[in-house]
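Single-structure report; data block below.
The values are calculated or read from the model by the stated rules, or taken from the named source; none is laboratory data. Note that the coordinates shown come from a computational prediction; the quantities given were computed from them, not determined experimentally. Please note: Cβ atoms are built from the backbone with ideal geometry, for glycine as well, and neighbour counts cover all protein chains shown.
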Amino acid sequence: MTPRAGIGPSPSRAARTLCAIPPDHASPRRRPRRKLSVVEDDFTSGPWTGYYAYPDGHRDRMELALSFRDRRLSGSGMDPIGAFVLEGAYDRETKTVWWLKIYPGSHEVYYKGARDGRGIRGQWRIPPFFGGNFRIWPCGQGEGEVDAAATEVGLEVEAETDALVPTEA
């Protein structure tokens with residue numbers, strides 16, 4: 001993949017390994033369909049995986065190590081742009097979460113979303129105008145592994161909807 005204009009280089013494939021995808025899920029011809037179970041603890045600390053979508057519909061995978069504690073969110077991860085750290089907060093009552101994804105020495109991305117029983121989905125934004133949607137889920141949450149494999153090989157993921165909406169100016 002070529003890097004996005006002015007954002008940075010892609011990491012090696014070996015660097016993205018927080019959530020191992022079983023080999024039988026990596027083939028686009030073999031995509032098991034499973035129901036997702038609802039996570040008992042809405043904000044589970046540990047490895048998460050997911051994607052963020054650009055306004056043109058292109059998706060990039062991200063791997064995260066998240067810690068949810070006392071309404072504070074912290075963590076680190078890797079995506080095609082590079083390594084990042086994140087800091088934010090969450091609210092168990094409203095199931096909302098927001099964080100700042102920081103690429104050291106480069107740029108920051110603001111994320112805001114909500115827990116939906118399958119993961120966290122919402123919007124990301126690089127102010128003032130650039131942004132898109134995202135979806136993340138705890139590693140091992142059933143179809144999440146299949147979604148990750150499909151994203152890795154560039155296939156469209158079958159989901160309720162990931163329609164992009166314009167970001168606020």
Quick one: which of Phe84, Phe68 is outside any loop (DSSP other than H, G, I, E, B), under 15 Å from Gly50 (Cα atoms) and among the aromatic types (Phe, Trp, Tyr)?
-> Phe84
The stretch 105-144, residues that are touching a helix residue (DSSP H, G or I) at 6+ places or on another chain (Cβ under 9 Å) and either among the hydrophobic types (A, V, I, L, M, F, W, C) or not in a loop (DSSP other than H, G, I, E, B) (or both) | Arg135, Ile136, Trp137, Pro138, Cys139
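If you take the residues in the stretch 71-81 that are in a strand (DSSP E or B) and crowded, with 19+ Cβ neighbours inside 10 Å, which one is farthest from the chain's Cα centre (by Cα)?
The residue in question is Leu73.
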Of (1) modelled with pLDDT of 50 or more; (2) in a loop (DSSP other than H, G, I, E, B), Thr49 satisfies all except one. Which?
-> (2)
Hey, can you tell me all the residues within the stretch 82-106 that are charged (D, E, K, R) and either surrounded by 15 or more Cβ atoms within 10 Å (Cβ to Cβ) or over 16 Å from the mean Cα position of the chain (by Cα) (or both)?
-> Asp91, Arg92, Glu93, Lys95, Lys101
Consider Met62 carefully, then state whether it is at pLDDT 95 or above and either in contact with a Ser or Thr (Cβ under 8 Å, 6 or more places away or on another chain) or aromatic (Phe, Trp, Tyr) (or both).
-> yes
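With the structure loaded, tell me whether Pro28 is under 13 Å from Trp124 (Cβ atoms), surrounded by fewer than 15 Cβ atoms within 10 Å (Cβ to Cβ) and at pLDDT below 95 or whether it fails that test.
Judged against the criteria, Pro28 is not a match.
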